[in-house]
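A.B. asks: First the structure, which I've put down as structure tokens, then a few questions once you've had a look.
The values are calculated or read from the model by the stated rules, or taken from the named source; none is laboratory data. Note that the structure is predicted; figures quoted are calculated from it, not measured. Don't worry about glycine lacking a Cβ; one is built from the backbone with ideal geometry, like all the others, and counts go over all protein chains shown. Areas reflect the complete protein model, heavy atoms only, side chains present, ligands, DNA and RNA absent. Shrake-Rupley method; radii C 1.70, N 1.55, O 1.52, S 1.80 Å.
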Amino acid sequence: MISVEGLTVEFGGFTLFDALSFVIHKKDRIALVGRNGAGKSTLLRILAGQQAPSGGVVAIPGETTVGYLPQQMELPGERTVGDEAARAFEPLLRMESEINRLNEALAERTDYDSGDYHQLIDRMTSLSEQFRMMGGLNYRAELERTLQGLGFTQEDFERPTSAFSGGWRMRIELAKLLLRRPDVLLLDEPTNHLDIESIQWLETFIATRANAVVLVSHDRAFINHTTRRTLEIERGKIYDYRVPYADYVNLRRERREQQLRAYENQQKKIAETEEFIERFRYQASKAVQVQSRIKQLAKIERIEMDEIDTTRLRLKFPPSPHSGAWPVVAEGLAKRYGAHQVFAGLNLTLRRGDKVALVGKNGEGKSTLVKCITGETDYEGRLTLGYQVKIGYFAQNQAELLDESKTVFETVDHAARGEIRTKIRELLGAFLFGGEAADKRVSVLSGGERSRLAMIRLLLEPANLLILDEPTNHLDMRSKDVLKSALKDFDGTLIVVSHDREFLDGLVDKVYEFGHGQVKEHPGGIYDFLERKRLESLQALEYRPATPRQPETPPTLTPPPGQSYEAQKRQNRLVRRLEKAIAAAEQEITQLEQALAALETRLSTPAGAADATLYGEYETLKQALSEAMDRWTEQTLEREQIQ
């Protein structure tokens, strides 16, 4: 679908891309990976046609549509959420408006026998048929499903987009992009603005409904679930691994080991040659051999090692000051803004050393609870902090408190204590401030860079209660590994608000779920929580009235503690029926697509185009195909919940 040949990007004497070549095929699911600054976002902009390369060719067939979601963008705020999302269907909206205008014109006319009147009817009939064939009868339902999948409620549809934060407005832009169904979908960090439920919905959408996808993400779980091919950008070159990300990690490790062996062998050979040249440079009897070795040395194509992996660096917290046994105790805690109840009846007790995650849809009160604990907002009920609790708090506004007159290095050096001071340069490199970036003034840093610097400074200051609100949004995978390793060794109490499942996995031992004004406690890690949620959804399905579509053969489920053998058998039967229904739906979809293709061939002929009955038959088949695909999607979603 898209062919890239010899792509080169140069600026300021620096080569970002050196003759990259690759092809994006139909239905490809590609993860674009590489360290920060390698050029991932630049490559997406070039593929989207928003930036021109220095050289090379990006060939995109004329009929291929490309949709691009950047990390940040300016969004208008004058329309409602529903109206803004509906702009994805602008051709249908224009057609609908024209149909309404023609209807009004026909209602006003009385010259029923005139040629103009009949031309108006013909125009109206043709436009209505075209509208139905393009899915005009179903687009509003699809719009609502997509917005709800991304976390919006029915009430939100009528609210102006200006009432939402930048993150929520980016969700609207993502909804528009998904609704347009481009042939190639380019996504740059799409999960930064999503909660866990919305990320899981997007994973299912990409797996079941998207065409070709190229995405950049630092969320390991997301790319593992959505991609099957990995393109790595390293030192201006591109390496194509036709495997999912998890397999790519192992293959890349093998490639680095081979590269290291080849590099060491070459360095040994170079050293031996240089030693020979220096030893016999001034001996006339060896002049020919020396000149030969000099020429050999000049011809050697030097092996360059990939970027050094800094994840081996271990960031060690300073010992946390001793606190009481119960750092945070909340009883009957409630918070409201005017008439809006954020949460009520919240009971929470944290023991010293607990590591907990706060999860749930955005706007359900996670950050509000954090503000209650840090004293940034008032509340109802009782909230007690333990003896000698010292809070270390990271939120987006922490970046605004940095001293702009200092450099990055000076900011960290001022906060560092003990042994870590000898490794400040390594630490900065692990958090993407390597080389000259360490000497930048804070005043010239971007918002993301400031957030990372604030995170480093926070982690170096003594605290016994760490509260981190979405700490991974501006970190790449290597930086997240460094941070996660440090937090696992942290001997104090940790509260983390995050949607990054891979980051939370193995880090937290308890999950608090926020939703519908309530907060539920779930012992165990993040995947224990997600599995429990899937099983709860499954049990709810068992009590639904039976429907004609039901399913077939999955892996056997292990029942949660207390679940009976009979309940397990019911679950397995439900899954088997689902699999059968999915297979039947797939067969029906194939048959309908073949019938539509045959009908389109007939309609492309002059005789077929003049046959009005074919349009009705085409519309009936199109509607049946849409319904079959909806059934298949719903059944696949149910199966995904179980598995």
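A.B. asks: Considering region 400-427 alone, what residues qualify as being more than 29 Å from the chain's Cα centre (by Cα) and among the charged types (D, E, K, R)?
C.D. replies: 403, 404, 406, 410, 413, 417, 419, 421, 423, 425, listed by residue number.
A.B. asks: Considering (1) of a type in the set (Phe, Trp, Tyr); (2) modelled with pLDDT under 85; (3) touching a strand residue (DSSP E or B) at 6+ places or on another chain (Cβ under 8 Å), say which one residue 117 fails and leave the rest.
C.D. replies: Among (1) of a type in the set (Phe, Trp, Tyr); (2) modelled with pLDDT under 85; (3) touching a strand residue (DSSP E or B) at 6+ places or on another chain (Cβ under 8 Å), the lone unmet condition for residue 117 is (3).
A.B. asks: So which residues in region 295-305 are in a helix (DSSP H, G or I) and open to solvent by less than 60 Å² (accessible area, probe 1.4 Å)?
C.D. replies: Scanning region 295-305 gives a single hit, 297.
A.B. asks: OK, next. Tell me, which residue of region 256-284 that is polar (S, T, N, Q) and open to solvent by 90 Å² or more (accessible area, probe 1.4 Å) is modelled with the lowest pLDDT?
C.D. replies: 258
A.B. asks: Please specify each residue of region 219-238 satisfying the condition of being in contact with an Asp or Glu (Cβ under 6 Å, 6 or more places away or on another chain), among the acidic types (Asp, Glu) and within 11 Å of residue 39 (Cα to Cα).
C.D. replies: 234
A.B. asks: How many residues are open to solvent by 10 Å² or more (accessible area, probe 1.4 Å) and in contact (Cβ under 8 Å) with a residue 60 or more places away in the chain if we restrict to region 1-14?
C.D. replies: Residues in region 1-14 being open to solvent by 10 Å² or more (accessible area, probe 1.4 Å) and in contact (Cβ under 8 Å) with a residue 60 or more places away in the chain: 1 in total.
A.B. asks: Do the conditions hold for residue 38, that is, is it under 22 Å from residue 228 (Cα atoms), among the small types (Gly, Ala, Ser) and assigned to a loop (DSSP other than H, G, I, E, B)?
C.D. replies: So residue 38 fits the description; yes.
Let's see how each residue does on (1) in contact with an Asp or Glu (Cβ under 8 Å, 6 or more places away or on another chain); (2) surrounded by 15 or more Cβ atoms within 10 Å (Cβ to Cβ); (3) of a type in the set (Asp, Glu); (4) in contact (Cβ under 8 Å) with a residue 40 or more places away in the chain:
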residue: 335; (1), (2), (3), (4): yes, yes, no, yes
residue: 354; (1), (2), (3), (4): yes, yes, yes, yes
residue: 361; (1), (2), (3), (4): yes, yes, no, yes
residue: 365; (1), (2), (3), (4): no, yes, no, yes
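A.B. asks: Is it the case that residue 321 is modelled with pLDDT of 80 or more and touching a Pro at 6+ places or on another chain (Cβ under 7 Å)?
C.D. replies: yes
A.B. asks: Among the residues of region 433-445, write down those that are open to solvent by 10 Å² or more (accessible area, probe 1.4 Å) and part of a loop (DSSP other than H, G, I, E, B).
C.D. replies: Across region 433-445, the qualifying residues are 434, 440, 445.
A.B. asks: Next up: So how many residues does region 98-146 have that are assigned to a helix (DSSP H, G or I) and within 25 Å of residue 625 (Cβ to Cβ)?
C.D. replies: Going through region 98-146 one residue at a time, the tally reaches 18.
A.B. asks: Are any of the residues in region 410-432 outside any helix (DSSP H, G or I), open to solvent by 30 Å² or more (accessible area, probe 1.4 Å) and either at positive phi or at pLDDT 80 or above (or both)? Spell out how you get there, then give the answer.
C.D. replies: Taking region 410-432 and keeping what is outside any helix (DSSP H, G or I), we get 416-417, 431-432.
If we keep only those that are open to solvent by 30 Å² or more (accessible area, probe 1.4 Å) too, we end up with 417, 432.
Imposing the further condition that a residue be either at positive phi or at pLDDT 80 or above (or both) reduces the set to 432.
Yes: region 410-432 contains one or more residues that are outside any helix (DSSP H, G or I), open to solvent by 30 Å² or more (accessible area, probe 1.4 Å) and either at positive phi or at pLDDT 80 or above (or both).
A.B. asks: I've got another one for you. Those residues that are at pLDDT 90 or above and either more than 26 Å from residue 198 (Cβ to Cβ) or open to solvent by less than 50 Å² (accessible area, probe 1.4 Å) (or both), I need them from region 222-236; list them, please.
C.D. replies: Residues satisfying the conditions are 222, 223, 226, 227, 229, 230, 231, 232, 233.
A.B. asks: Further, regarding this structure: Of these, 496, 575, 511, which one is touching a His at 6+ places or on another chain (Cβ under 6 Å) and either modelled with pLDDT of 90 or more or over 22 Å from residue 219 (Cα atoms) (or both)?
C.D. replies: Working: 496 fails: touching a His at 6+ places or on another chain (Cβ under 6 Å); 575 fails: touching a His at 6+ places or on another chain (Cβ under 6 Å).
Just one listed residue meets the conditions, 511.
A.B. asks: Just to be sure, is residue 83 open to solvent by 50 Å² or more (accessible area, probe 1.4 Å), closer than 18 Å to residue 141 by Cβ and not in a loop (DSSP other than H, G, I, E, B)?
C.D. replies: yes
A.B. asks: Given the criterion in a helix (DSSP H, G or I), touching a strand residue (DSSP E or B) at 6+ places or on another chain (Cβ under 7 Å) and open to solvent by less than 10 Å² (accessible area, probe 1.4 Å), identify the matching residue among 187, 174.
C.D. replies: Numbers: 187 fails: in a helix (DSSP H, G or I).
The conditions single out 174.
A.B. asks: Check off (1) out of contact with any Pro (no Cβ under 8 Å at 6 or more places or on another chain); (2) within 30 Å of residue 517 (Cβ to Cβ); (3) of a type outside the set (Val, Ile, Thr) for residue 405 and give me the number that stays unchecked.
C.D. replies: Of the numbered conditions (1) out of contact with any Pro (no Cβ under 8 Å at 6 or more places or on another chain); (2) within 30 Å of residue 517 (Cβ to Cβ); (3) of a type outside the set (Val, Ile, Thr), the odd one out for residue 405 is (2).
A.B. asks: Let me ask something additional. Within region 150-166, is even one residue assigned to a helix (DSSP H, G or I), farther than 25 Å from residue 633 by Cα, in contact with a helix residue (DSSP H, G or I) (Cβ under 9 Å, 6 or more places away or on another chain) and among the hydroxyl-bearing types (Ser, Thr, Tyr)?
C.D. replies: Yes, because at least one residue in region 150-166 is assigned to a helix (DSSP H, G or I), farther than 25 Å from residue 633 by Cα, in contact with a helix residue (DSSP H, G or I) (Cβ under 9 Å, 6 or more places away or on another chain) and among the hydroxyl-bearing types (Ser, Thr, Tyr).
A.B. asks: Could you please give the count of residues in region 15-56 that are polar (S, T, N, Q) and either in contact with a Leu (Cβ under 8 Å, 6 or more places away or on another chain) or crowded, with 21+ Cβ neighbours inside 10 Å (or both)? So that I can check it myself, show each step before the final result.
C.D. replies: So the first thing to find is which residues in region 15-56 are polar (S, T, N, Q), and the list is 15, 21, 36, 41-42, 50-51, 54.
Imposing the further condition that a residue be either in contact with a Leu (Cβ under 8 Å, 6 or more places away or on another chain) or crowded, with 21+ Cβ neighbours inside 10 Å (or both) reduces the set to 21, 36, 42.
So the count comes out to 3.
A.B. asks: Ok, one more. Can you tell me how many residues in region 428-457 are over 26 Å from the mean Cα position of the chain (by Cα) and within 25 Å of residue 494 (Cβ to Cβ)?
C.D. replies: Number of matching residues: 1.
A.B. asks: Scanning region 381-401 for residues that are over 22 Å from residue 320 (Cα atoms) and loosely packed, with under 13 Cβ neighbours inside 10 Å, which turns out modelled with the highest pLDDT?
C.D. replies: Among them, the one singled out is 382.
A.B. asks: For region 217-244, how many residues meet the condition of being basic (Lys, Arg) and either touching a Ser or Thr at 6+ places or on another chain (Cβ under 6 Å) or assigned to a helix (DSSP H, G or I) (or both)?
C.D. replies: Number of matching residues: 1.
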